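The values are calculated or read from the model by the stated rules, or taken from the named source; none is laboratory data. These figures come from a predicted structure and were not determined experimentally. Every residue, glycine among them, receives a Cβ derived from its backbone with ideal geometry; neighbour counts consider all protein chains shown. All accessible areas refer to the heavy atoms of the entire protein, side chains included, with ligands and DNA or RNA removed. Shrake-Rupley method; radii C 1.70, N 1.55, O 1.52, S 1.80 Å.
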Amino acid sequence: MKILHTADWHLGKKLNGFYRHPEQVLVLNEICELADEHCVDLVLIAGDLFDGPNPSSESTELFYKTLRRLSADGKRAVVAIAGNHDSPDRIAAPEPLALACGIVLLGYPDTVVPPFETENGIRLLQSQPGFLELALPGIGFPVRLILTPFANEVRLKKYLGSEDSSLEMRNLLAESWKQLASEKCDDKGVNLLMTHQYFIPSSGEIEPESDDERSIAGLGGTDALPVAILPDGIQYVALGHIHKFWKVASKPCPVVYSSSPLCYSLNEAGQEKFVVMLEAKPATEVEYQKIALKEGRPVLRKTFDSVDEALVWLDQNPDALVELTLVSDEFLKSEDSRRIHAAHEGILDIIPQMRNRAYSVGNETTELADPELDKMILFTSFFKQKKGQEPSDELKKLFHEILHS
């Protein structure tokens, strides 16, 4: 059977004021086309479907239309869970209509999916909190999914049946997953785990969370989880939360973040985005490949030594969203800033950076910390721009005193 793993759509996202909806329409269309092209049997969406708990009607409509296309009007199963940006109630709300199309939406970890069967043969075999088993058309074996949407510590402990605040979350999750895997996941079916959590490999290597991503631990969820807590018997772990493709581990099975479909923060600048395509069958190691997504505007950080140099590059890259750093010896003139914005509609930010790191006031050598030096240089450059001459030594000394007051 073939499975497509995607995550972190963040529908409704803005980046420095740029609304990404038109790009999201294109890239979700691309994901639907990949599902059709590869004859996918099951789609997994590992959380952060929306960028906030109250998405616009435009984003909500795009979400539902995309799910319907991914389900091929009920011929293909789709399973999606809530992430830390999502409202669990909003994700779960369309359940009665969604199940009729073979779409399973889980907002809470303790969700029990009611029995259903679609006209095309997608059928729920069993369900309990944190687990479901599906029969898919044309597949001669069941698919088992251990599912843990994002939840804060209170909700997770309720789902895990523990009110003891002293017990570590990771141990409770590990025990719950281990029990589900040992009871439900034999070698006669395909066994998968999907969750929206922050995992790290046994080596302790850490992949930084996105600049705009709210820390899971800071939201009352778990700290970073080691792959060592994952149960035996699982063939693939589909993760959401980290926005780049990252294979966290290959043992006990592939543990993979698929990446977000678009660059959603400046620390993702230059990243290529992916979905993951899996080939799975019982009692066999999963084969998977990452497939690069082509739609969406590139997000880039560029540094130039002159405005003219920047303008040439911007003309050659009209589709990019750009953070520009301009290195110069003087204050960035307002007319230069206007030239840049007039030449390119994708400017995220312009950062002036002073090249000159030395300064003196009159005949005295002045020791200034870097931030103070930058302020002195900017003041001098700004004064020259406005008055057409250097500020006097008296003005420089006065400004120096203000800096130290």
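Can you pull out the residues in region 243-279 that are surrounded by 23 or more Cβ atoms within 10 Å (Cβ to Cβ) and not in a strand (DSSP E or B)? Those that are surrounded by 23 or more Cβ atoms within 10 Å (Cβ to Cβ) and not in a strand (DSSP E or B): 243, 258, 259, 260, 261, 262, 263, 264, 273.
Of all residues in region 280-294, exactly one satisfies the criterion of being closer than 30 Å to residue 12 by Cα, open to solvent by 30 Å² or more (accessible area, probe 1.4 Å) and assigned to a loop (DSSP other than H, G, I, E, B), namely 294.
Scan region 186-204 for residues that are surrounded by 14 or more Cβ atoms within 10 Å (Cβ to Cβ) and hydroxyl-bearing (Ser, Thr, Tyr) and the total you get is 2. Residues in region 183-226 that are at pLDDT 80 or above and of a type in the set (S, T, N, Q) were compared, and the one that is farthest from residue 253 (Cα to Cα) is 197.
If you check residue 35 against the conditions, is it open to solvent by less than 10 Å² (accessible area, probe 1.4 Å), within 22 Å of residue 100 (Cα to Cα) and in contact with a Lys or Arg (Cβ under 8 Å, 6 or more places away or on another chain)?
On the way: open to solvent by less than 10 Å² (accessible area, probe 1.4 Å): yes; within 22 Å of residue 100 (Cα to Cα): yes; in contact with a Lys or Arg (Cβ under 8 Å, 6 or more places away or on another chain): yes.
Yes.
Scoring residue 61 on the criteria (1) within 25 Å of residue 260 (Cα to Cα); (2) at pLDDT 95 or above; (3) surrounded by 15 or more Cβ atoms within 10 Å (Cβ to Cβ) leaves a single failure, condition (3). Annotation for region 54-71: at least one member residue is over 20 Å from residue 22 (Cβ atoms), more than 20 Å from the chain's Cα centre (by Cα) and either among the small types (Gly, Ala, Ser) or in a loop (DSSP other than H, G, I, E, B) (or both).
Every residue, every condition in (1) under 16 Å from residue 149 (Cβ atoms); (2) modelled with pLDDT under 95; (3) open to solvent by 60 Å² or more (accessible area, probe 1.4 Å), yes or no:
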{"residue": "41", "(1), (2), (3)": "no, no, no"}
{"residue": "44", "(1), (2), (3)": "yes, no, no"}
{"residue": "70", "(1), (2), (3)": "no, no, no"}
{"residue": "88", "(1), (2), (3)": "yes, yes, no"}
{"residue": "92", "(1), (2), (3)": "yes, yes, no"}
{"residue": "118", "(1), (2), (3)": "no, yes, no"}
{"residue": "121", "(1), (2), (3)": "no, yes, no"}
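Of the residues 335, 330, the single one that is more than 18 Å from residue 30 (Cα to Cα), open to solvent by 30 Å² or more (accessible area, probe 1.4 Å), assigned to a loop (DSSP other than H, G, I, E, B) and at pLDDT below 95 is 330.
Screening residue 232 against (1) farther than 19 Å from residue 34 by Cβ; (2) assigned to a strand (DSSP E or B); (3) more than 19 Å from the chain's Cα centre (by Cα) leaves a single unmet condition, (2).
Look at residue 297 and say whether it is in a loop (DSSP other than H, G, I, E, B) and open to solvent by 40 Å² or more (accessible area, probe 1.4 Å). Answer is yes for this residue.
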